[in-house]
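Q: Dumping the structure here so I can ask a few things about it.
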Amino acid sequence: MDSNSPAPGPDSRPTGKREQTKHQNRQTILTAARQVFAELGYGAATVRDIIRATPRASGPFYNYFKSKQEVLQAIQADSTLR
């Protein structure tokens, strides 16, 4: 980081194209998971259900989360921050 760049704050958004895409992909998965959990319930929902609710293939899901439980934890953390 050069001396002219501001230090990233806790509320900073990704600035590079790749970082923005990663952030957007992760948010797409979380939005789909919220919808699926609301419709089916957490217990009945599967990772496949979440993936089907996104325009993405299954690969990106596993780049961000290892399991349905990790998705739920991310949703809870996001809700706590809000």
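We did not get these values from a lab; they are worked out from the coordinates using the rules stated. Quick caveat, the model's predicted, so the values are computed rather than measured. So basically every Cβ, Gly included, is an ideal-geometry build from the backbone, and we count neighbours across all protein chains shown.
Q: Hey, what do the phi angles of segment 38-50 turn into as Karplus ³J(HN,Hα) couplings, whole Hz, using 6.51/-1.76/1.60 and θ = phi - 60°, x for Gly and Pro?
A: The phi angles translate into 5, 7, 9, x, 4, x, 7, 6, 10, 4, 4, 4, 5 Hz.
Q: Under a crude label model (7 Å from the Cα following the beta-carbon direction), how far is Ser79 from Tyr62 in nanometres?
A: Those two pseudo-labels are separated by 2.8 nm.
Q: Rank by packing, highest mean first: peptides 29-38, 60-69, with packing defined as the count of other Cβ atoms within 10 Å averaged across residues.
A: Highest mean packing first, the order is 29-38, 60-69.
Q: How much net charge surrounds Asn63 when only the other residues with a Cβ under 15 Å from the Cβ of Asn63 are counted, with Lys and Arg +1 and Asp and Glu -1?
A: +3
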